[in-house]
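Asker: Would you mind keeping the following structure in view while I ask a few things?
The values are calculated or read from the model by the stated rules, or taken from the named source; none is laboratory data. Quick caveat: nothing in here was measured; it's all calculated off a predicted structure. Cβ placement follows ideal geometry from the backbone for every residue including glycine, while neighbour counts extend to all protein chains displayed.
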Amino acid sequence: MNAVEAQDPLDELERENDVAEKLIERLAEMAIVLKEGRNLPPGDISEGLRLLEQYRNVHAARVDVDLKVEARPWAMSTCFPHLDAIANDHQTEGDRIAQAQQALKEFTLDPDGARARLSQALADLTEKDHQSVVYENDYPLSCLRAALPDSAASRVSAAFETTASAIADLDGHIVRYLEHAPGTPGHGLTVRCSRANCEASAESRVVSSNDGRLGIEVPPGWQVASRSPNFSKDGTVRLKVDFCCPAHHEKGSAHEGKALPMWMDEGGLGPQRETTAGRESGDCCGPIREDAR
């Protein structure tokens, strides 16, 4: 059997592990900061967990399905236990991420009371994930390089094409996330009034504050009645803000219709998304729109 040439699917899987390891290192740094008694923006932690979960899910499918089905007929028998071991790691990783997301939810509601638990959950997650990434590179992938024929590698590469766009998209998000300094301002917002003939509007920004809570910079003349985080099933954090329109002084309710990747900077322009507004009787403030910067 021929050794697989450069630019084979095993190279791609190893590259993905390198990307994941950088993300794991960022989350491990956050665990240390929290252990030292300092707070971090929940939105930044939430986004890191979300990216790690999505990236590892795509990667796991490539290894456990696309690669394994081709490796089994050809690989040396010594490779098989390693393939089984990493498949088991992939199955348990979701539980560790879910535990960290639950600890994050508690931290968002009570930073002082839940800081230690979140720090430990992140430490446990990153320690085990780091071990899994190193093990996968050192044993299964290196073992397969000597065993997988070119014909099988070509079929694996073809199977990877179905998830190539997902990996590329996540790569871009992770690069921007790692370049982001936690706690810096995020999305620009334009808040507008929905009352007929009312032209009241203001520019603001959603921020992930250093006191460990989500927040919004309040523009002059606008009053925030209340704010609270909402949590989705995937563990991401959304911001809900009740505000008062300065033109009518009536309470409206606005919330982010999607998760808040507050670090995101799409090519230097900022994201362009429409968000929705919760409407009640007498509301005057309508949807908030995230303008490109």
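Asker: Which of the helices (runs of 4 or more DSSP H) found entirely inside region 53-142 contain at least 3 residues meeting this: under 17 Å from the mean Cα position of the chain (by Cα) and under 30 Å from residue 161 (Cα atoms)?
Answerer: Qualifying helices (runs of 4 or more DSSP H): 80-109, 111-136.
Asker: Another question, then. Across region 77-107, what is the total count of residues that are in contact with a Phe, Trp or Tyr (Cβ under 8 Å, 6 or more places away or on another chain) and either more than 12 Å from residue 143 (Cβ to Cβ) or among the charged types (D, E, K, R) (or both)?
Answerer: Selection size over region 77-107: 2.
A quick yes/no check of all residues on (1) of a type in the set (D, E, K, R); (2) in contact with an Asp or Glu (Cβ under 6 Å, 6 or more places away or on another chain); (3) modelled with pLDDT under 95; (4) exposed (fewer than 14 other Cβ atoms within 10 Å of the Cβ):
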{"site": "123", "(1), (2), (3), (4)": "no, no, no, no"}
{"site": "143", "(1), (2), (3), (4)": "no, no, yes, no"}
{"site": "149", "(1), (2), (3), (4)": "no, no, yes, no"}
{"site": "153", "(1), (2), (3), (4)": "no, yes, yes, no"}
{"site": "170", "(1), (2), (3), (4)": "no, no, yes, no"}
{"site": "178", "(1), (2), (3), (4)": "no, no, yes, no"}
{"site": "195", "(1), (2), (3), (4)": "yes, no, yes, no"}
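Asker: Can you name the residue in region 94-121 that is of a type in the set (D, E, K, R) and out of contact with any helix residue (DSSP H, G or I) (no Cβ under 6 Å at 6 or more places or on another chain) and, of all such residues, is surrounded by the most Cβ atoms within 10 Å (Cβ to Cβ)?
Answerer: Here the residue is 105.
Asker: In region 69-93, which residue that is hydrophobic (A, V, I, L, M, F, W, C) and crowded, with 16+ Cβ neighbours inside 10 Å is farthest from residue 146 (Cα to Cα)?
Answerer: Per the stated criteria, the residue is 86.
Asker: Looking at region 109-118, can you tell me whether even one residue there is in contact with a Gly (Cβ under 6 Å, 6 or more places away or on another chain) and under 23 Å from residue 21 (Cα atoms)?
Answerer: Within region 109-118, not a single residue is in contact with a Gly (Cβ under 6 Å, 6 or more places away or on another chain) and under 23 Å from residue 21 (Cα atoms).
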